[in-house]
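The values are calculated or read from the model by the stated rules, or taken from the named source; none is laboratory data. Only a predicted model underlies this, so the values are computations on that prediction, with no experimental measurement involved. Positions of Cβ are backbone-derived with ideal geometry, glycine not excepted, and every protein chain shown enters the neighbour counts.
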């Protein structure tokens, strides 16, 4: 199964040129627990944000041919064929914006942290609600220094043929 995990604001904003504009420690914990010991795929800009690979699984990076990566990161040069293989073994897409947009047709499940508010983001998660159905929605109220947020799971809508049993 291919899953995407992201934190977004009310406008589906992911971040700015300076990075992620909110501080929600519970989201960081949720991210780490969700992808623990799993294979992950990240874009090159996201790779640059990591000092070292996430533990337990393989850390794949969508990279151009000839790109040198640090130890523990594995380049992916051909995205569609990689994603077809990853469906069998399982994979988390962890960012950034271009990778989320390019992989959305392959994603079966979204794990979103919805941060309440508009944070003036310049990078955005792609529109998805017409192809997915919300499966879970767990709200967390605002606390001192942390905006209100929700953990949501969305599953790909099987479409009218699958719902009718004719898939």
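Summary table
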{"read-out": "Residue count, the range 142-157 (criterion: part of a loop (DSSP other than H, G, I, E, B) and modelled with pLDDT of 95 or more)", "value": "2"}
{"read-out": "The listed residue being closer than 28 Å to residue 129 by Cβ, touching a helix residue (DSSP H, G or I) at 6+ places or on another chain (Cβ under 9 Å) and modelled with pLDDT under 95, out of 45, 6, 63", "value": "45"}
{"read-out": "Any hit, the range 83-95, residues being within 12 Å of the chain's Cα centre (by Cα), modelled with pLDDT of 95 or more and more than 15 Å from residue 2 (Cα to Cα)", "value": "no"}
{"read-out": "The lone exception for residue 51 - which of (1) part of a loop (DSSP other than H, G, I, E, B); (2) touching a helix residue (DSSP H, G or I) at 6+ places or on another chain (Cβ under 9 Å); (3) more than 17 Å from residue 6 (Cβ to Cβ) it fails", "value": "(2)"}
{"read-out": "In the range 100-111, residue farthest from residue 62 (Cα to Cα) [restricted to those that are within 9 Å of the chain's Cα centre (by Cα) and crowded, with 22+ Cβ neighbours inside 10 Å]", "value": "110"}
{"read-out": "Selection count, the range 112-127, where residues are surrounded by fewer than 19 Cβ atoms within 10 Å (Cβ to Cβ), part of a loop (DSSP other than H, G, I, E, B) and either in contact with a helix residue (DSSP H, G or I) (Cβ under 7 Å, 6 or more places away or on another chain) or at pLDDT below 95 (or both)", "value": "1"}
{"read-out": "Verdict on residue 133 being touching a residue at least 12 places away in the same chain (Cβ under 8 Å), touching a helix residue (DSSP H, G or I) at 6+ places or on another chain (Cβ under 8 Å) and more than 20 Å from residue 28 (Cα to Cα)", "value": "no"}
{"read-out": "Enumeration of residues in the range 1-42 that are in a helix (DSSP H, G or I) and either without any contact (Cβ under 8 Å) to a residue 60 or more places away in the chain or surrounded by 13 or more Cβ atoms within 10 Å (Cβ to Cβ) (or both)", "value": "26, 27, 28, 29, 30, 31, 32, 33, 34, 35"}
